[in-house]
């Protein structure tokens, strides 16, 4: 960063800054904890000589135990792409208009979590529904260990509530699928043959003014060998949309490669996400009572609205611990 030509390539410079922030998010708290532990020894000696320091000593021990627990969790973020940004896609599934509304609620939940934790969010694609909600949306969440924290959100999320779209006030079950992939910045890491890609150009359907709606600037890419489909319509430039779509495709391919490596080491965790009842990774209830429970880890929160306002860190941390337990049990 001290090199005189560091800022000549803005994109490369931003990537270096992102790496530095990710490293600092682990190194700085670790260094501070080491110094605090050294000071703790001195505080313990003072407490032996003067009992008035005993309360301060107990408080400092409690604070350091909490800090150590946070560092242990960060140490679990050791996957090959855990430090990368996260490309998060939400698709409405079973449940009609309620599912579209549920998908939009989840989109807001992740954006709220990102905002509360100092992450940046870029919306790259969004398909709104006429009546309510969205059929799909894709965002990129950038910040320290974004993919490492969010990768466990991949799967089906199930909502049970009294439908606001049903005049009879009946209980409705809705499903939305969440897919999380790492943003790959090194093109050489994931090679994609252009002959394997089918490109479709279409008019953007979302908000964005007359230019967006009248110009065929949106891009849809299909990777023929795997069947992966990605699309981007956020930018007015077809070139920029294609570059973003390629980034999304490369991210999906990287996640597939990561899963292959995990399968070689051990059997992948059993609760693979599929559409429908009994296969969801997390259940959200607004009726008959308010609660949210993860089907894999058992982690539970009694405040539905707090979770939908972005209070999901407990679920993310619980998944990291659960995943390690699964690896130990399998290996």
Subject >> Check on residue 182, touching a residue at least 40 places away in the same chain (Cβ under 8 Å) and more than 30 Å from residue 236 (Cβ to Cβ) >> reply: no
**OP:** Scan the range 280-304 for residues that are part of a loop (DSSP other than H, G, I, E, B) and free of Cβ contacts under 8 Å to residues at least 24 places away in the same chain and report the count.
**Re:** 7
**OP:** Select the strands (runs of 3 or more DSSP E) contained entirely in the range 176-255, then report the ones holding at least 1 residues which are modelled with pLDDT of 85 or more, over 26 Å from the mean Cα position of the chain (by Cα) and surrounded by fewer than 22 Cβ atoms within 10 Å (Cβ to Cβ).
**Re:** 197-202
Original post:
Just one of 54, 86 is more than 29 Å from residue 320 (Cβ to Cβ) and touching a helix residue (DSSP H, G or I) at 6+ places or on another chain (Cβ under 6 Å); which is it?
Top reply: 54
Original post:
In the range 118-134, which residues are in contact with a helix residue (DSSP H, G or I) (Cβ under 6 Å, 6 or more places away or on another chain) and touching a residue at least 40 places away in the same chain (Cβ under 8 Å)?
Top reply: 124, 133, 134
Subject >> Residue check, residue 18 outside the structural domain of residue 280 (by TED's automatic domain parsing), assigned to a helix (DSSP H, G or I), under 29 Å from residue 260 (Cα atoms) and under 23 Å from the mean Cα position of the chain (by Cα) >> reply: yes
Subject >> Filter result (at pLDDT below 85 and closer than 26 Å to residue 18 by Cα) within the range 45-70 >> reply: 69, 70
Original post:
Would you call residue 90 surrounded by 13 or more Cβ atoms within 10 Å (Cβ to Cβ), at pLDDT 95 or above and in the same structural domain as residue 184 (by TED's automatic domain parsing)?
Top reply: yes
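Quick one: count up the residues across the range 104-142 that are in contact with a strand residue (DSSP E or B) (Cβ under 9 Å, 6 or more places away or on another chain) and on the phi > 0 side of the Ramachandran plot.
Total satisfying the criteria: 1.
The values are calculated or read from the model by the stated rules, or taken from the named source; none is laboratory data. Here the structure is a predicted model, which means the values were calculated and not measured. Heads up, the Cβs are rebuilt from the backbone with ideal geometry, glycines too, and the neighbour counts pull from every protein chain shown.
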